[in-house]
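The values are calculated or read from the model by the stated rules, or taken from the named source; none is laboratory data. Source: prediction; values computed, not measured. Cβ placement follows ideal geometry from the backbone for every residue including glycine, while neighbour counts extend to all protein chains displayed. Just so you know, the surface numbers come from the protein's heavy atoms only, side chains and all, with ligands and any DNA or RNA stripped out. Shrake-Rupley method; radii C 1.70, N 1.55, O 1.52, S 1.80 Å.
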Amino acid sequence: KHRHYDRHLAKLRAELVRSQKKMITAIERFFPKDISVELPDGGYFLWIVLPSNVDALALYKRALAHKISIAPGPIFSASQQYKHHIRLNYGMKWNAELDAAIEQLGALIFELMRESYS
């Protein structure tokens, strides 16, 4: 009746757009250049396609040890597809802690890449 909800949704959408852009910028800064970012049509998630020598489940375990939560692609497939995909959530207001988590996640990806070559 008073359009408070419509204003709230407009603010929320604008904040999500800002968070998405900031996450993509952080990914471009900290992740390997050969990853790709996929933007689904809806929601507040990004899909990251990792280098072929980086296993999403191994990355998930290492990230969790650093208190970083990601969703590894294989949990979204009954046939264990998406072994090199992760899903990241940008549904919160961007801050220095999130930026640092993306930086750490990038370092973990590079670590897994180095290990796969040794």
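Test each condition in (1) at pLDDT below 95; (2) under 15 Å from the mean Cα position of the chain (by Cα) for His4 and report the one that comes out false.
All conditions are met except number (2).
Report, by residue number, each residue of the stretch 71-118 that is open to solvent by 60 Å² or more (accessible area, probe 1.4 Å), closer than 28 Å to Arg18 by Cβ and small (Gly, Ala, Ser).
Answer for the stretch 71-118, where residues must be open to solvent by 60 Å² or more (accessible area, probe 1.4 Å), closer than 28 Å to Arg18 by Cβ and small (Gly, Ala, Ser): just Ala96.
Please work out if Ile68 is of a type in the set (Val, Ile, Thr) and over 19 Å from Lys21 (Cα atoms).
Against the criterion (of a type in the set (Val, Ile, Thr) and over 19 Å from Lys21 (Cα atoms)), Ile68 qualifies.
Could you list, in sequence order, the residues of the stretch 45-70 that are within 22 Å of Tyr117 (Cα to Cα) and either open to solvent by less than 40 Å² (accessible area, probe 1.4 Å) or hydroxyl-bearing (Ser, Thr, Tyr) (or both)?
Ile48, Val49, Leu50, Pro51, Ser52, Val54, Ala56, Ala58, Leu59, Tyr60, Ala63
Is at least one residue of the stretch 28-44 surrounded by 10 or more Cβ atoms within 10 Å (Cβ to Cβ), at positive phi and modelled with pLDDT under 90?
Yes, the stretch 28-44 has at least one match.
Just need a number here: residues in the stretch 37-59 that are more than 11 Å from the chain's Cα centre (by Cα) and hydroxyl-bearing (Ser, Thr, Tyr).
1
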